[in-house]
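Take a look at the structure set out below.
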Amino acid sequence: MSESSASGVWFAPGRVNLIGEHTDYNDGFVLPFALPRRAVVTAGPAAGPRSRVRSAQQDAPVEFTAATVRPGDVPGWAAYVAGTVWAFREAGYPVSELDLELDSDVPVGAGLSSSAAVECAVGVALAGMSGVDVGPTGLARIARRAENEFVGAPTGGMDQMAAMHGRAGQLVFLDTRDDTVELVPFDLAAHGLDLLVIDTRAPHSHADGEYGARRADCERAAAALGVPALRDAGLPEVETLTDDRIRRRARHVVTENDRVRAVVELLRSGADPREIGPLLDASHVSMRDDFEITVPHVDVAVESARAGGAVGARMTGGGFGGCVIALCETGAAAAVAGAVEKAYAGHGWEPPVVFPGIPSDGAGRLT
Ligand code: ADP
Ligand code: MG
């Protein structure tokens with residue numbers, strides 16, 4: 001790699017959502033935080049005429065031309081990189097051909113947003129290399145555009161905003177209607193608490209189709225209620241919806257928005273974070289019964305974590321697998337993890353992977 005002054009090392013983290021599931025495409029509220037697991041990008045000017053990207057987690061490098069690359073040009077994993085280059089250029093910022101190496105310890109497909117970590121790490125690298133100040137929200141929008149329009153995944157903007165705005169010891173309270181961000185203190189250690197992230201390693205099934213179906217249900221509910229988005233609906237109106245499935249979908253979104261705001265108020269007011277436990281539990285019940293996005297691996301993890309002493313537990317992420325989070329007393333963390341492992345063994349399932357969820361810094365430059 002060239003030793004140009006534009007070379008450097010940048011990173012962006014994966015994220016966990018504390019609460020606020022399937023609210024982002026309903027103009028609602030989410031409350032994620034950045035994880036200590038990260039995608040790291042080493043980048044500099046290209047040695048050859050074209051850009052070349054390599055991932056430590058993939059076999060072969062991929063080449064494309066940064067000056068002209070368009071959606072459809074680059075398939076597979078490199079689309080997340082090339083798409084960010086494309087969106088950065090489309091936003092009017094200068095790009096030159098680059099050599100880029102990617103290495104990430106964010107697990108892929110676990111619901112921790114390894115994709116946004118890659119996009120945002122590439123985004124901060126592009127901004128750093130060209131010396132322009134795009135700002136965290138600007139880069140998050142570029143990264144989201146890469147995912148939506150280049151990769152072709154119709155996701156909301158939470159993942160990229162969390163990867164860009166995260167801060168150690170803080171939650172990212174995001175209003176997805178206007179992308180305003182407020183940091184909310186979440187210092188669990190000071191209260192003798194831990195937040196466990198439990199990767200259920202459930203086989204993901206039908207997640208894409210189900211996601212689209214949930215979005216369509218939410219749009220139908222909003223249209224039936226005559227509101228621009230479910231964020232604008234209240235529970236009494238939702239209860240008047242006559243289609244049972246549409247009513248339950250809308251009820252999840254409306255009550256989930258209320259739970260996000262309740263968690264924020266509690267934490268902001270300096271309440272004991274244990275008080276958010278019942279809201280985490282209620283969020284899970286709502287996802288299980290009203291939104292119907294949980295699967296047995298996830299429900300068993302939540303139930304066994306609670307039986308093992310967790311103060312509150314819920315699935316996090318889009319559903320149909322992925323991770324569960326469990327809030328627990330620091331002294332009980334091993335027992336909670338052990339209870340989930342034992343329940344999984346009882347079902348003959350692969351053991352879950354459990355690690356601490358520690359709110360960490362968002363994207364930036366390492367060297
Ligand atoms: P997630 O929930 O982890 O974001 P996605 O399906 O949205 O799952 O994104 C995962 C995809 O992102 C991978 O299939 C791969 O294409 C890309 N990706 C993530 N991390 C890496 C990496 N370290 N190297 C190459 N590609 C990666
Ligand atoms: Mg993703």
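The values are calculated or read from the model by the stated rules, or taken from the named source; none is laboratory data. These numbers come from a predicted model, not from an experiment. Using ideal geometry, Cβ is built from the backbone for each residue, glycine included, and neighbour counts are taken over all protein chains shown.
Which ones in region 183-242 are basic (Lys, Arg) and more than 25 Å from residue 357 (Cα to Cα)?
214, 215, 220, 231
Could you say which residue among 310, 250 is under 22 Å from the mean Cα position of the chain (by Cα) and among the aliphatic types (A, V, I, L, M)? Can you show your working first?
Details: 310 fails: under 22 Å from the mean Cα position of the chain (by Cα).
Exactly one residue qualifies, and that residue is 250.
If you scan region 316-344, which residues turn out to be within 16 Å of ligand 2 (Cβ to nearest atom) and touching a strand residue (DSSP E or B) at 6+ places or on another chain (Cβ under 8 Å)?
Once the filter is applied, which keeps residues that are within 16 Å of ligand 2 (Cβ to nearest atom) and touching a strand residue (DSSP E or B) at 6+ places or on another chain (Cβ under 8 Å), region 316-344 yields 316, 317, 322, 323.
Would you please list the contacts, defined by Cβ atoms under 7 Å and residues six or more apart or on different chains, that run from a residue in region 49-62 that is more than 10 Å from ligand 1 (Cβ to nearest atom) to a residue that is part of a loop (DSSP other than H, G, I, E, B)?
Listed pairs, sorted by first residue: 49/97; 50/65; 50/97; 51/65; 51/66; 51/97; 52/46; 52/61.
Report yes if some residue within region 90-97 is outside any loop (DSSP other than H, G, I, E, B), away from ligand 2 (no atom under 16 Å from the Cβ), out of contact with any His (no Cβ under 9 Å at 6 or more places or on another chain) and of a type in the set (D, E, K, R); otherwise report no.
Within region 90-97, one or more residues are outside any loop (DSSP other than H, G, I, E, B), away from ligand 2 (no atom under 16 Å from the Cβ), out of contact with any His (no Cβ under 9 Å at 6 or more places or on another chain) and of a type in the set (D, E, K, R).
Which members of region 262-284 meet the condition of being out of contact with any helix residue (DSSP H, G or I) (no Cβ under 8 Å at 6 or more places or on another chain), surrounded by fewer than 16 Cβ atoms within 10 Å (Cβ to Cβ) and in a helix (DSSP H, G or I)?
Hits for region 262-284 are 265, 268, 278.
Quick check on region 106-115. Is at least one of its residues surrounded by 20 or more Cβ atoms within 10 Å (Cβ to Cβ), touching a residue at least 24 places away in the same chain (Cβ under 8 Å) and away from ligand 2 (no atom under 13 Å from the Cβ)? Please lay out each step first, then the result.
Initially, region 106-115 is screened for residues surrounded by 20 or more Cβ atoms within 10 Å (Cβ to Cβ), giving 106, 110-115.
Now restrict to residues that are touching a residue at least 24 places away in the same chain (Cβ under 8 Å): 106, 110-115.
With the extra rule that they be away from ligand 2 (no atom under 13 Å from the Cβ), the set shrinks to none.
No, the conditions are met nowhere in region 106-115.
Starting from region 122-140, keep only residues that are of a type in the set (A, V, I, L, M, F, W, C), then list their pairs with residues that are in a loop (DSSP other than H, G, I, E, B) and modelled with pLDDT under 95 whose Cβ atoms are within a distance under 7 Å, requiring at least 6 positions of separation or different chains.
That search, which allows pairs on different chains as well, returns 129/6; 140/157.
Select from region 116-154 the residues that are more than 11 Å from ligand 2 (Cβ to nearest atom), surrounded by fewer than 24 Cβ atoms within 10 Å (Cβ to Cβ) and either in a helix (DSSP H, G or I) or hydroxyl-bearing (Ser, Thr, Tyr) (or both) and list them in ascending order.
If the condition is that a residue be more than 11 Å from ligand 2 (Cβ to nearest atom), surrounded by fewer than 24 Cβ atoms within 10 Å (Cβ to Cβ) and either in a helix (DSSP H, G or I) or hydroxyl-bearing (Ser, Thr, Tyr) (or both), then 127, 128, 129, 130, 136, 137, 138, 141, 145, 148, 149 are the ones that fit.
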